[in-house]
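Asks: First the structure, which I've put down as structure tokens, then a few questions once you've had a look.
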Amino acid sequence: MTVQYRLKSFFRKPHNIILFVLVLILSYLTLVPLLTMIIDTVTVHTAEARRLKLPVGTVTLSHWAKVLFDPASVSIFYKPLLNSLITSLGACAIALGFGGTFAWLVTRTNMKYKSLLSSLCIFPYIMPSWTLALAWYNIFKNSVVGGTPGIFTALTGIQAPNWFAYGPFPIALVTGLHYAPFAYIMIGGILRNMDANLEEAAMMLNTPRSRIITKITIPIVIPAVLSTFLLVFSSAMSSFAVPTFLGLPVRYQVLTTQLYRTMNGLNPGQGYSIAMIMILLGVSILAMNQKIIGLRKNYTTVTGKSSNIALVNLKKARTPVSIIVAVFLFSVSLLPLISFALESIILRPGDYSPSNITLQFWIGSAADNTMANSEPGLLLNPTLYRSLWNSIKLSLACSLCAGTVGFLAGYAIVRGRGKKLSDFVNNLAFFPYLMPSMAFSAIYLSMFSIQRGPIPALYGTFAILVLAGTVKYLPFASRSGINAMFQLSKEIEEAGVIMGIGWWKRMTRLVIPIQKSSFISGYLLPFTSCMRELSLFILLVTPANRVLTTLLFYYNEKGWNQYSNGINLLIVLIVILFNFFVNKVSGASIDKGIGG
Amino acid sequence: MPEIVLKNVTKKFGSFVAVDHLNMTISDGDFITLLGPSGCGKTTTLRMIAGLETPTEGEILIDGTVVFSSDKQIDISPSKRNIGFLFQNYALWPHMTVWKNISFGLENLKWSKEQIKERVEELLDMLKIREFAARYPAELSGGQQQRVAIARTLATNPQILLMDEPLSNLDAKLRMEMRTELKRLHKETKATFVYVTHDQLEAMTLATKICLLDKGLLQQYQSPLTIYGKPANLFVADFVGSPTMNFIRCEAKSVDKHTLKLSNQVLCLHFSASSDLTGVTGGPVTLGIRPESVTLSEDGKLKTVVYSSLPSGMETILRLQIGDLLLNSVVFGSLDFPVGSELNISFSGQSVVLFDQEGTFVTTGSLALA
Ligand SMILES: Nc1ncnc2c1ncn2[C@@H]1O[C@H](COP(=O)(O)OP(=O)(O)O)[C@@H](O)[C@H]1O
Ligand SMILES: [Mg+2]
């Protein structure tokens, strides 16, 4: 067989063309940045030249030495690493505890209001990760570290102690609560699909309920639990906003905040080294997860058709349990919003009396707001509208690009599965997930600040935001693309092939309509993530294309508390409304199929 | 004339050989079954004929046209091969009604509205599914879905119909009904049918010719009765027929041109071949005796003990013990025998099969006790 013929028959298959194009593009957009980053860990940057007394661009191992083997390493790297590990482990425990319990209550007991509670439970996950952090801060901040006390003190007169208001405890708790819905989705999915016969068989033998849970249910969900654990762990490790709000007041540094400090300050080389270590951590966590998923295949019986297992009768506890869960979920979902609304309408921070309430930060003119540098009220504020418009534009653009590329990637990866090329593209498309956002954007900044081949200099443009967002969220989109394609037997498409229906028509008339809701979630996830993204854009935006989240940070840095809380409220509302809207239109939703 | 010719067709998945140098000619109007245990390469073979899978080597001709050739570097796309493909899981499009499922392919061929309407109605009648035209596949039973899938496949009038275990998801009664239906369709459409199944009974009852595969290798390609009566080797003999054929290992000694003396610990027999015994003069051989050739007879000289008895009304399946040998036997009629009772048997008929040391077919013949 000639090479020519092989190429021809290779490229006759549409999925091979897609794979080939993706390899080229994604290598450039993910592998080149990775290489650049590796090189950056061993070269001298402008900011470091004077201190190191070496010319810019010299190869040096001093960054690595400083991060790993210096007396200062403890504060530069080891202490933040330890803090990251502590808060992430804590977050995992909380996410699994709450999420797992809730999953069990929903799938295995006769708790009331299941479907309502199930939808409510997803809230913290839809909201930006820092929502709960900021709410916590609003409520429990104390005057010990300076500034005005929060709502809790105003109501009770008690100052929350430092360990409770700031640092590892609230960071772990808040991050854990944010990811608890994720644990619920993963574990609930397994519990729901698990062959109930396994449990029923034990029930026939008069095994007590508690033994069934410890000896049968838990071992079966263990792989899902481990998998959730690892994913929550790695997400918590790379969270930036939460430790910024809750850690910095007491100088509690974790890896990401340390990354921001070094990268933005005088030691970018050290920052890149820390980023490399984070990537390595991420890769190994992912490898472990892959192994566990591989195990799970021949471990649990996921039959897909769940027979109706007899639900645990909570008896007298039924109403109290339902109410406690409802109150808890309402407070986790709604209290933050209330606190934002409240903070945005009080004149003098810390004073929650009715006389101190004003709407001037929403509808006041510039003249009313002289204390905030004559910034007009939010609803009259052109900067806000520009940022809002930018945010929506950016999120739409990223979601369109990431969603479409993700769909194509999912299609091509599944059709070409088993081949090296397909595995390679799969890994390429997932890799951005492992890159800490901050480091990722720093690399893009340096890569695209000058013209490269056909790509013009992009610094300060909207395009670089779209590019970074698209690549960063591609993993979500390609995951849902892959899932959607796996659920669709290839014969469905082949039936069309045999009838001579062309590729385009097969996609638009068969594949996409059938898996509509899965594909839409491939667009939904990037949109929501982009809407609330901060660390990825914080280095890339310029005042001209500022988005809501960076405006939030800008106001926060300025100390204009009412404005930042108001914007926060807006962001959360937009995200929730958007999810609700898409859910109504398409039936796609994150918690689909678990709720009662 | 849609004749299908496979020449040295091989398919490898990595280093695993799924189909190994397959040679086969399927004549126009045949009803061929591809038979073999699960994983033997049936689906792969069918998909290669359809063009859904690219062979690693070899050549495939349909209707005299080369549709695939690794040497001549030809690979014609499935839609140009004039075939229909019936998938094991039906692969109906769940978001389209029955009507739309059938008409979609025709619309794609740019048929006129009237022509499409006429053709769809014809098929709805032919498969007796007119009343379901407006339903979605999820609202149909398995058997009805199957009919829709057949209608969709037949819509474009393919001259070759490839079917991958189309009845495996149906219950036993529906399966019987659909078999009859398929035979009728074969007559009506005058198309060439290639039918994959792992069910030997289905293969026997439907096919004009059976292609028996094992581990990607062709074992035998002949009519059902030849396969049953003259199995090419022990694998074929064992795979076809239920209850399975009895195999008895013996030492052979040549008596004359047509006769062998066969013996083991339990038995001592004379085998009279129906043709010359050129190859075999002695040494270890295997006898294959179909259960229906093991007959009960009052004056039979072979004493056996009933090991198990499975009456089904029309016939009774017996397991009979002689020493450490167990024999299957089928007795017709409504009979039952107590376990442990003694029965006398003899070997009847001319269809006892002799296999050589390697397990290859030598000849058929009759048996008598020595
Ligand atoms: N796409 C594939 N990749 C790797 N191995 C395959 C693939 N398709 C089939 N096989 C293997 O080839 C062998 C034959 O498969 P198949 O033709 O489906 O068997 P069957 O006779 O049951 O239809 C099996 O062992 C199967 O595992
Ligand atoms: Mg098969």
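Asks: Over the Cα atoms of the range A:401-453, what Rg and Dmax result, in angstrom?
Replies: 14.0, 39
Asks: Taking a cut-off of 19 Å, what percent of all Cα-Cα pairs in the range A:28-122 are separated by more than that?
Replies: Counting every Cα pair in the range A:28-122, those more than 19 Å apart make up 67 percent.
Asks: Additional query: With Kirkwood's inverse mean 1/r over C-alpha pairs for Rh, give me the Rg to Rh ratio of chain A, two decimals please.
Replies: The Rg/Rh ratio comes out at 0.98.
Asks: Subtract the Cα-Cα distance of residue B:342 and residue B:317 from 0.36 nm times their separation in residues, and report this length gain in nm to one decimal.
Replies: Full extension of this stretch gives 7.4 nm more.
Asks: Between residue A:7 and residue A:450, what's the calculated FRET efficiency when r is the beta-carbon distance and R0 is 25 Å? Round to 0.05.
Replies: The formula returns an efficiency of 0.10 here.
Asks: Under 5 Å between amide H atoms, partner at least 5 residues away or on a different chain: which partners does residue A:314 have, H built in plane at 1.01 Å?
Replies: A:110
Asks: Let me ask you something else. When averaged across all projection directions, what area in nm² does the alpha-carbon convex hull of the range A:370-435 cover?
Replies: Its average projected convex-hull area is 6.6 nm².
Asks: When the expected Rg is taken as 2.2 N^0.38 Å, what fraction or multiple of it is the alpha-carbon Rg of the range A:493-573?
Replies: After normalising by residue count via 2.2 N^0.38 Å, the value is 1.79.
Asks: Further question: Once phi is turned into ³J(HN,Hα) by the Karplus curve 6.51 cos²θ - 1.76 cosθ + 1.60 with θ = phi - 60°, what whole-Hz value does each residue of the range B:6-12 show in order, with x for glycine and proline?
Replies: 10, 10, 6, 6, 10, 10, 10
Asks: Continuing with this model, one more query. So which GluC sites (Glu not before Pro) in the range B:15-107 are both in a DSSP loop and have at most 15 other Cβ atoms within 10 Å of their Cβ?
Replies: Hits after loop and neighbour filter: nothing returned.
Asks: Can you sort B:173, A:419, A:66 so the residue with the fewest Cβ neighbours within 10 Å comes first?
Replies: B:173, A:419, A:66
Asks: Hey, another quick one. Please state the shape class of the range B:219-337: rounded when a/c is under 1.5, otherwise prolate if a/b exceeds b/c and oblate if not, all from the C-alpha gyration tensor.
Replies: Taking the square roots of the gyration eigenvalues as a ≥ b ≥ c, the range B:219-337 is oblate.
Asks: Okay, next question. Loop-only trypsin sites (Lys or Arg not before Pro) in the range B:20-101, please: DSSP not H, G, I, E or B, and at most 14 other Cβ atoms within 10 Å.
Replies: Sites meeting the loop and neighbour criteria: B:72.
Asks: Still on this structure: List, in the order given, every pair from A:13/B:113; A:13/B:80; A:291/A:419; A:13/A:420 whose Cα-Cα distance in the structure shown is over 21 Å.
Replies: Going by Cα-Cα distance, A:13/B:113 fall outside the 21 Å limit.
Asks: While we're on this one: Can you bin the range B:30-96 into rounded, prolate or oblate? Criterion: square roots of the alpha carbon gyration tensor eigenvalues sorted a ≥ b ≥ c, rounded for a/c under 1.5, prolate for a/b above b/c, oblate for the rest.
Replies: Note, shape of the range B:30-96 comes out oblate.
Asks: Of all GluC sites (Glu not before Pro) in the range B:262-347, which ones are in loop regions per DSSP and have a Cβ with at most 15 other Cβ atoms within 10 Å?
Replies: When the GluC sites (Glu not before Pro) of the range B:262-347 are filtered for loop state and at most 15 Cβ neighbours within 10 Å, B:298 remain.
Asks: Treat the count of other C-beta atoms within 10 Å as a stand-in for reagent exposure and order A:489, A:235 from fewest to most.
Replies: By the 10 Å Cβ count, ascending: A:489, A:235.
Asks: To the nearest 20 debye, what is the magnitude of the charge dipole of the range B:185-248 about its Cα centre, counting +1 on the Cβ of each Lys and Arg and -1 on the Cβ of each Asp and Glu?
Replies: It comes to approximately 220 debye.
Asks: Would you be so kind as to identify which of B:105, B:206, B:346 lies farthest towards the positive end of the dipole of chain B, taking Lys and Arg as +1 and Asp and Glu as -1 on Cβ and the Cα centre as origin?
Replies: B:105
Asks: For helix B:142-154, report the angle its Cα long axis makes with the longest principal axis of the Cα atoms of chain B; keep it between 0 and 90° and round to the nearest 10°.
Replies: Taking the Cα atoms of chain B, the angle to B:142-154 is about 60 degrees.
Asks: When A:92, A:398 are ordered from fewest to most other Cβ atoms inside 10 Å of their Cβ, what list results?
Replies: A:92, A:398
Asks: Now a separate question. For the range A:147-285, what class follows from the C-alpha gyration tensor (a ≥ b ≥ c being the square roots of its eigenvalues): rounded when a/c is under 1.5, otherwise prolate if a/b is larger than b/c, else oblate?
Replies: Because a/c hits 1.5 or more and a/b fails to exceed b/c, the range A:147-285 counts as oblate.
Asks: Note the angle between two axes, namely the Cα long axis of helix B:172-189 and the longest principal axis of the Cα atoms of chain B, as a number of degrees from 0 to 90, rounded to the nearest 10.
Replies: So the inclination is approximately 60 degrees.
Asks: With labels modelled as points extended 7 Å from the Cα through the Cβ direction, what inter-label distance (nm, one decimal) is found for residue B:20 paired with residue A:110?
Replies: Once both label points are built, they end up 6.2 nm from each other.
Asks: Quick one: net charge of residue A:54's neighbours, Cβ under 14 Å, K/R +1, D/E -1?
Replies: Result for the neighbourhood of residue A:54: +3.
Asks: For the range A:441-493, what log10 I(q)/I(0) values come out of the Debye formula at q = 0.13, 0.17, 0.29 1/Å, with one point per alpha carbon and no solvent?
Replies: -0.49, -0.62, -1.08
Asks: Now, a different point. Could you list which residues have their amide H under 5 Å from that of residue B:86, counting only those 5 or more apart in sequence or on another chain, with H placed in the peptide plane?
Replies: Amide H to amide H, under 5 Å and 5 or more residues apart or across chains, residue B:86 pairs with B:162, B:163, B:164.
Asks: Next question, about the same structure. What number does the range B:130-181 give for Rg over Rh if you use C-alpha atoms and the Kirkwood radius?
Replies: The Rg/Rh ratio comes out at 0.97.
Asks: Sticking with this one: Filter chain A for me: DSSP H helices, axial length by Cα at least 24 angstrom, mean Kyte-Doolittle hydropathy not below 1.6. List them by residue number.
Replies: Answer set is A:218-237, A:318-343.
Asks: Another question about this same structure. What value in Å³ per residue do you get for the convex hull of the alpha-carbon atoms in the range A:2-56?
Replies: So the per-residue hull volume is 96 Å³.
Asks: Something else about it: With axes computed from alpha carbons, what is the tilt in degrees of helix B:98-108 against the longest principal axis of chain B, rounded to the nearest 10 within 0 to 90?
Replies: 70 degrees
Asks: Also: Give the share of C-alpha pairs in each 10 angstrom bin for the range B:1-122, from 0 to the last occupied bin, in whole percents, shortest bins first.
Replies: Result, from short to long distances: 11, 36, 30, 19, 4, 0 percent.
Values quoted throughout were computed directly from the atomic coordinates according to the rules given, and no laboratory measurement underlies them. These numbers come from a predicted model, not from an experiment. Because the Cβ atoms are built from the backbone with ideal geometry, glycine has one as well, and the counts that use them run over all protein chains shown.
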